[in-house]
Amino acid sequence: MKKIIAGILSGGLLMCLLTGCSPVKVQVGGNNDTAGGNDTKIETEAAPMVYHTVTLPSQYFITYEVSGEDGIVRTISKAVDADGNIYYEADQEYLFLLEGKNYILYQPENGTFTRQGSDKYQPDYVKKLTKDFGDYVEKARLTFNQTPTGQVTVVGRDCDIYAISIKFANYEQRYQYAIDKETYACLEVKSEKNISGFEKEGDNGFTCVRFDTGQIDLPKEFLESRS
C-alpha cells in the first residue's frame, strides 16, 4: 500500500504541482492496509501557481550540467546568434547554419566541424531536434504565487528561489528552483529527500554553467576556432 501511495503522490501530485493546477486536495485511503491492517489516509493541498513567460534574448548561449540517477553528469546546450544560426549539444553536437530559409548541418569529426552531406533541414526539423532544451530553461515557468524564499546568483545571473515541498507519512521531497529575474529562465534545480528524519540529496537536478548574451558568433566559435 505504501508503495502505491508513494507512486500516486510522487507521480500524479508532483505533476499537478509542476504543471500549474488550481488548488487541489488529494486524498488516498483504503479500508485495509496490507502491511498493518490500518486505514491509510493522506491529505495534501497544492497552492495556486502563476505562469511566467520565459523571454530569452535574440542571441544567447546557454549550457546546463544535468545530474542523473545513474550518477553521470551530462551537458545540454543551445545557442542562437544574430544570423539565425543554431548550435545544440545533448547526446551529440549539432551546428545548423542558416542558408536561405533552411539549414545546413555541421558536426565534429576529429575535432573539426565538418559539413554533413548536401542535405538541408527545415526550421521545424531543427525545432524538434532541440526541443529537450526547453525542459530545462522552462522548468519553473510555473511558480507558486508567493514571495520567493530567497535569492541566489547562478553563473553571474540574479535569481529568485522558489520551493516545493511534498510530504506524506515519514517521507518528504523538496525541490528548489532558481529563476532568472530578467528572463524567467530556470537556471538551477536542486532536490532533497527526508526519510524518517534522514536527509538525502536528490538524484536529479541541474545547474546552468554558461549564460552568454550579446554578440554570439557561432561560425567563428565552432568553425574558425576549431579549424
Open item on the list: Which residue is farthest from P57 (Cα to Cα), if the candidates are limited to the range 176-186 and must be without any contact (Cβ under 8 Å) to a residue 40 or more places away in the chain and part of a strand (DSSP E or B)?
Closed with: Q176
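Can you tell me which of T153, T149, T130 is of a type in the set (S, T, Y) and touching a Lys or Arg at 6+ places or on another chain (Cβ under 7 Å)?
Details: T153 fails: touching a Lys or Arg at 6+ places or on another chain (Cβ under 7 Å); T149 fails: touching a Lys or Arg at 6+ places or on another chain (Cβ under 7 Å).
Among T153, T149, T130, only T130 is of a type in the set (S, T, Y) and touching a Lys or Arg at 6+ places or on another chain (Cβ under 7 Å).
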Task: Every residue from the range 65-93 that is among the acidic types (D, E), modelled with pLDDT of 95 or more and surrounded by fewer than 20 Cβ atoms within 10 Å (Cβ to Cβ) - done: E65, D83, E89, E93
Task: Hits in the range 62-74 (condition: in a strand (DSSP E or B) and touching a residue at least 24 places away in the same chain (Cβ under 8 Å)) - done: I62, T63, Y64, E65, V66, S67
- [ ] Please verify whether the range 134-148 includes one or more residues that are within 27 Å of T213 (Cβ to Cβ), at pLDDT 90 or above, among the polar types (S, T, N, Q) and in a strand (DSSP E or B).
- [x] no
Open item on the list: So K220 passes all but one of these: (1) at pLDDT 85 or above; (2) farther than 19 Å from V50 by Cα; (3) surrounded by 15 or more Cβ atoms within 10 Å (Cβ to Cβ). Which condition number does it fail?
Closed with: (3)
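What tally of residues in the range 65-116 results from selecting those that are acidic (D, E) and over 17 Å from D135 (Cβ atoms)? Let's see the steps before the verdict.
First, the residues of the range 65-116 that are acidic (D, E): 65, 69-70, 81, 83, 89, 91, 93, 99, 109.
Those still in the list that are over 17 Å from D135 (Cβ atoms) too: 70, 81, 83, 93, 99, 109.
Number satisfying all stated conditions: 6.
Out of all the residues in the range 155-175, is one or more in a strand (DSSP E or B) and closer than 18 Å to T63 by Cβ?
Looking only at the range 155-175, we keep the residues that are in a strand (DSSP E or B), and these are 157-168, 171-175.
Next, only the ones that are closer than 18 Å to T63 by Cβ stay: 157, 159.
Within the range 155-175, one or more residues are in a strand (DSSP E or B) and closer than 18 Å to T63 by Cβ.
The values are calculated or read from the model by the stated rules, or taken from the named source; none is laboratory data. A quick note: this is a predicted structure, and the numbers were derived from the prediction, not measured. No Cβ is skipped: glycine too gets one built from the backbone with ideal geometry, and neighbour counts run over all protein chains shown.
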